[in-house]
Amino acid sequence: MAVSMQDWKTIAAVSIALAFGTGGLAAAEHGAHRHEHASAPAGPALNEGQKWATDEALRKGMDNIRQAMEAALHPIHEGKLSNAGYATLAGKLNKELGGIVANCKLDAKADAQLHLVIAELGEGIEAMEGKARKVKRQAGALQVIGALEQYGSHFEHPGWQAIAH
């Protein structure tokens, strides 16, 4: 089952609301709605200057997403990945993202920060699927790579390396 960008935004909004108390739910939902009209989403923040803790499910899923993107990097950059290739890659990424959401058990504040990365990944994946208006599939792939860089900069993941591109 593919998850739409609106679903990822809702997941992120609810996670943020849970992390900061139920009083923030309306604000989080409003923020998710407002994001649709904003030029760039706010990225994750560090945990008092430190990276956020991760768990095995998150590390495994993010490793799998990174590996899939790295394997497709040359055809993406050369403009040679077909629409079907993007769709196949997006399907793999969506499956991993769904597994992360279902199995990752972070504390509420770390989870809220993670969902900012997840929303960015979801938006990139949606563009790769050809579902985002006026956004090329290649731009979606680059957005996924950018989200992976955000993840590595904000979450403790031993051995994590950004994709060289």
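The values are calculated or read from the model by the stated rules, or taken from the named source; none is laboratory data. Not measured: the values here are computed from a predicted model. Every residue, glycine as well, gets a Cβ built from its backbone with ideal geometry; the counts of neighbours run over all protein chains shown.
Quick one: in the stretch 64-82, which of the residues that are in contact (Cβ under 8 Å) with a residue 60 or more places away in the chain and part of a helix (DSSP H, G or I) is surrounded by the most Cβ atoms within 10 Å (Cβ to Cβ)?
Among those that are in contact (Cβ under 8 Å) with a residue 60 or more places away in the chain and part of a helix (DSSP H, G or I), it is Ile65.
Out of the residues in the stretch 91-130 meeting the condition of being of a type outside the set (Asp, Glu) and in a loop (DSSP other than H, G, I, E, B), tell me which one is modelled with the lowest pLDDT.
Among those that are of a type outside the set (Asp, Glu) and in a loop (DSSP other than H, G, I, E, B), it is Cys104.
What is the one condition in (1) at pLDDT below 95; (2) farther than 25 Å from Ala45 by Cβ; (3) touching a Leu at 6+ places or on another chain (Cβ under 6 Å) that Ala72 does not satisfy?
If we test Ala72 against (1) at pLDDT below 95; (2) farther than 25 Å from Ala45 by Cβ; (3) touching a Leu at 6+ places or on another chain (Cβ under 6 Å), just (1) comes out false.
Among the numbered criteria (1) without any contact (Cβ under 8 Å) to a residue 12 or more places away in the chain; (2) touching a Ser or Thr at 6+ places or on another chain (Cβ under 9 Å), which one does Leu106 miss?
(1)
Being buried (at least 16 other Cβ atoms within 10 Å of the Cβ) and either without any contact (Cβ under 8 Å) to a residue 60 or more places away in the chain or of a type in the set (Asp, Glu) (or both) is the filter here, so list the residues in the stretch 42-59 that pass it.
Answer for the stretch 42-59, where residues must be buried (at least 16 other Cβ atoms within 10 Å of the Cβ) and either without any contact (Cβ under 8 Å) to a residue 60 or more places away in the chain or of a type in the set (Asp, Glu) (or both): just Ala57.
Could we say that Ala57 is of a type in the set (A, V, I, L, M), in a helix (DSSP H, G or I), modelled with pLDDT of 95 or more and farther than 21 Å from Gln143 by Cβ here?
It is true that Ala57 is of a type in the set (A, V, I, L, M), in a helix (DSSP H, G or I), modelled with pLDDT of 95 or more and farther than 21 Å from Gln143 by Cβ.
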